[in-house]
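Please treat every number below as a calculation from the coordinates, not as lab data. None of these values were measured; they are calculated from a predicted model. Every residue, glycine among them, receives a Cβ derived from its backbone with ideal geometry; neighbour counts consider all protein chains shown.
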Amino acid sequence: TANVGEIDQQLCLEAGMNAVLIKPLRRKSFLETVNQWINRASPGEDSRKDEPRADSPSIPIDYDRALEEFLGDRIFLDTILTGFVATAEEQLKKINRSLIESDLEAIRKEAHAIKGGAANLVAMPLSEAASHAEILAREKNTEELTKAVEKMTVEFDRFRRYLEGRKIP
């Protein structure tokens, strides 16, 4: 689920779910949860608590953690990153066109996609900026939305420059 609040998790469990996995899905927590159920063990504490986070605004992506998520396959990760950059560039163009056209739903959808893709790649500053734009578009807050889209664009540019500095196409 993308709903990460404790109440949402509790509602899922009360509805009969055996466990709740939260997006972005992390290999470590996924495998731990699957192992619990394969071994018929009861669910334990949230395994994400001790995972390091790339919260520093100066680091646009936690490349080492992303590499870990991709099982150390640098070529595959770099291919995914290159594809994400190309896709996100097109999504940002669509978002900017949608700003002019006042198409808030298109902005929300594209920001949501960027948010998820960036989170899966552990590019948290970009993911958080996209999340903010998504929320503002959903709330129809056009006054702040333009600034949020600008912030998302800045974060994307930092992300792209960081990858270029690492010699990732």
TODO: Taking 7 Å along the Cα-to-C-beta vector as the label spot, tell me the residue 67-residue 153 distance in nanometres, rounded to one decimal.
DONE: 3.3 nm
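Expressed in nm to one decimal, what extension gain is obtained for the pair residue 105 and residue 138 from 0.36 nm per residue of sequence separation less their Cα-Cα distance? All intermediate terms of the calculation are to be shown ahead of the outcome.
On the way: separation 33, 0.36 × 33 = 11.88 nm, distance 0.72 nm.
Length difference between fully extended and current span is 11.2 nm.
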TODO: Sum up the charges of everything whose Cβ sits under 14 Å from the Cβ of residue 115, counting Lys and Arg as +1 and Asp and Glu as -1, but leave residue 115 out.
DONE: +1
Task: Ordering of 63-74, 147-158 by burial proxy (mean other Cβ atoms within 10 Å per residue, highest first) - done: 147-158, 63-74
TODO: For residue 10 and residue 58, compute 0.36 nm times the residue count separating them, minus their Cα-Cα distance, and round to one decimal in nm.
DONE: 13.8 nm
Open item on the list: If I stretch the segment between residue 166 and residue 25 completely, what's the gain in nm (0.36 nm per residue apart, minus their alpha carbon distance), one decimal?
Closed with: 48.2 nm
Task: Partner lysines for residue 109 [C-alpha distance under 23 Å; skip if fewer than 8 residues away on the same chain] - done: 23, 93, 94, 140, 147, 151
